[in-house]
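> Take this structure, written in structure tokens, and hold onto it; I'll ask about it next.
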Amino acid sequence: MTAIETNNLNKTFRTRVKSEGLRASFRALVRPEWTEVRAVRDVNMRIEKGEIVAFIGPNGAGKSTFIKMLCGILHPTSGDISVLGMSPVRERRKLAMSIGTVFGQKSQLWLHLPALDSFTLLAAIYEISDAERKRRVDELSEIFGLSEFLKTPVRKLSLGQRIRCEVAASLLHNPELLFLDEPTIGLDVVVKQSIRELILRYNSERGVTVFLTSHDPADIEHLCRRAVVIDHGRVVLDSSVEELRGGYLGTKMVEVSFSIPQSIPEFPGVEIITGEGGMKSTIAVDTDVCPIGDVMERLSGLGNVIDVTISNPPMEDIIAAIFRDQEGAS
């Protein structure tokens, strides 16, 4: 069954042109000039129920506008949308009862209240009975490990604890579709992995569809099977994460520090980015050619290693590479 379907979806914003100078500003009051900005252009997309899909692109690509149209917050200029068989334009209130949202930069929890009180308020908004609310809170508390801090004011929680509460709050009314906008932003590596495992578990056990935006390549690798890339409002790539990994996500960045200046010998799949012959070097590793374990073994064999950090390349670099390849193919 289909969770999301769009056909030739477009959104155009009409904005006023800013005038320079006093005379031009006065003239603009009488005869303002306008320009149109196409934020979303002819997007055709179909997402089946139970999928976890990554929706990625640079800042200003149209991601937020697209999500707001799916939620019914914005109306499209043209084209059709169906979300869980409903029209976000005509059935926004009904749709809101079947979707959940988590925005890494915005909270749906009341800062000065315990998360438990926020859950009670949200349950009332979603017209959940007291008995059902208690059952759902107990269930989510067990799944997300909330019992230790459920009665602590949200402002006193760590970022990782707050995000766990945010995800639980978005699932309180048992939605069929979950929108996650940068859910792991600002979290440390351990907490990020914990959040990913919880999302995967809920998707596996409940079949909830997940629509994810993230600038963290690890979120996409660990959570999604499919990735959609958007730029200037257009979908430029729609492929499996396996294909994306083979072409773009297979590179790892390794930062290594030595106790004395050290040269790193060349070997297949490894490119020295910075610091050759110094006390700190950064190398890019193509894991399809050279597994990261082999790299660690070779580095350890050099001696004098005091610290090693492994990370993904910035999502901006990955997206830029995708765009270059798409332009080269066209």
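The values are calculated or read from the model by the stated rules, or taken from the named source; none is laboratory data. The structure displayed is predicted, hence computed values, not measured ones. Positions of Cβ are backbone-derived with ideal geometry, glycine not excepted, and every protein chain shown enters the neighbour counts. Only protein heavy atoms, including side chains, enter the accessible area calculation; ligands, DNA and RNA are left aside. Shrake-Rupley method; radii C 1.70, N 1.55, O 1.52, S 1.80 Å.
> Could you please let me know if residue 257 is in a strand (DSSP E or B), at negative phi and not aromatic (Phe, Trp, Tyr)?
Spelling it out, residue 257 is indeed in a strand (DSSP E or B), at negative phi and not aromatic (Phe, Trp, Tyr).
> Separate question: Can you pull out every residue in region 49-100 that is modelled with pLDDT of 90 or more, in a strand (DSSP E or B), surrounded by 15 or more Cβ atoms within 10 Å (Cβ to Cβ) and at negative phi?
The answer is 52, 53, 54, 55, 81, 82, 83, 86, 99, 100.
For every residue, the table says whether it meets (1) open to solvent by less than 80 Å² (accessible area, probe 1.4 Å); (2) closer than 30 Å to residue 235 by Cβ; (3) of a type in the set (Gly, Ala, Ser); (4) in contact (Cβ under 8 Å) with a residue 12 or more places away in the chain.
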position: 269; (1), (2), (3), (4): yes, no, yes, yes
position: 279; (1), (2), (3), (4): no, no, no, yes
position: 288; (1), (2), (3), (4): no, yes, no, yes
position: 291; (1), (2), (3), (4): yes, no, no, no
position: 304; (1), (2), (3), (4): yes, no, no, yes
position: 312; (1), (2), (3), (4): yes, yes, no, yes
position: 316; (1), (2), (3), (4): no, yes, no, yes
position: 319; (1), (2), (3), (4): yes, yes, no, yes
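> Can you pull out the residues in region 249-266 that are at pLDDT below 85 and either under 17 Å from the mean Cα position of the chain (by Cα) or open to solvent by less than 40 Å² (accessible area, probe 1.4 Å) (or both)?
Once the filter is applied, which keeps residues that are at pLDDT below 85 and either under 17 Å from the mean Cα position of the chain (by Cα) or open to solvent by less than 40 Å² (accessible area, probe 1.4 Å) (or both), region 249-266 yields 249, 250.
> Now for a different question. Would you mind stating whether residue 185 is open to solvent by less than 30 Å² (accessible area, probe 1.4 Å) and touching a residue at least 12 places away in the same chain (Cβ under 8 Å)?
Spelling it out, it is not the case that residue 185 is open to solvent by less than 30 Å² (accessible area, probe 1.4 Å) and touching a residue at least 12 places away in the same chain (Cβ under 8 Å).
> Among the candidates 172, 95, 111, single out the residue that is over 23 Å from the mean Cα position of the chain (by Cα) and farther than 24 Å from residue 215 by Cα.
After ruling out the rest, the residue left standing is 111.
> Collect the residues in region 144-192 that are at pLDDT below 90, part of a helix (DSSP H, G or I) and polar (S, T, N, Q), keeping them in residue-number order.
161
> Yes or no: residue 125 over 25 Å from residue 216 (Cβ atoms) and buried (at least 19 other Cβ atoms within 10 Å of the Cβ)?
When the stated conditions are applied, residue 125 does not pass them.
> Please tell me if residue 225 is open to solvent by 30 Å² or more (accessible area, probe 1.4 Å) and over 30 Å from residue 9 (Cα atoms).
No, not satisfied.
> Sticking with this structure for a sec: Using the structure shown, decide if residue 172 is touching a residue at least 40 places away in the same chain (Cβ under 8 Å) and crowded, with 18+ Cβ neighbours inside 10 Å.
In short, yes.
> Output yes when any residue across region 207-221 is open to solvent by 10 Å² or more (accessible area, probe 1.4 Å) and over 15 Å from the mean Cα position of the chain (by Cα), and no when none is.
Within region 207-221 (the criterion being open to solvent by 10 Å² or more (accessible area, probe 1.4 Å) and over 15 Å from the mean Cα position of the chain (by Cα)), the answer is yes, since at least one residue qualifies.
> Tell me, which residue of region 293-302 that is closer than 23 Å to residue 250 by Cα and surrounded by fewer than 13 Cβ atoms within 10 Å (Cβ to Cβ) is nearest to the chain's Cα centre (by Cα)?
Checking each candidate, the answer is 293.
Here's the yes/no breakdown for (1) in contact (Cβ under 8 Å) with a residue 24 or more places away in the chain; (2) of a type in the set (A, V, I, L, M, F, W, C); (3) not in a strand (DSSP E or B):
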site: 239; (1), (2), (3): no, no, no
site: 243; (1), (2), (3): no, no, yes
site: 253; (1), (2), (3): yes, yes, no
site: 262; (1), (2), (3): yes, no, yes
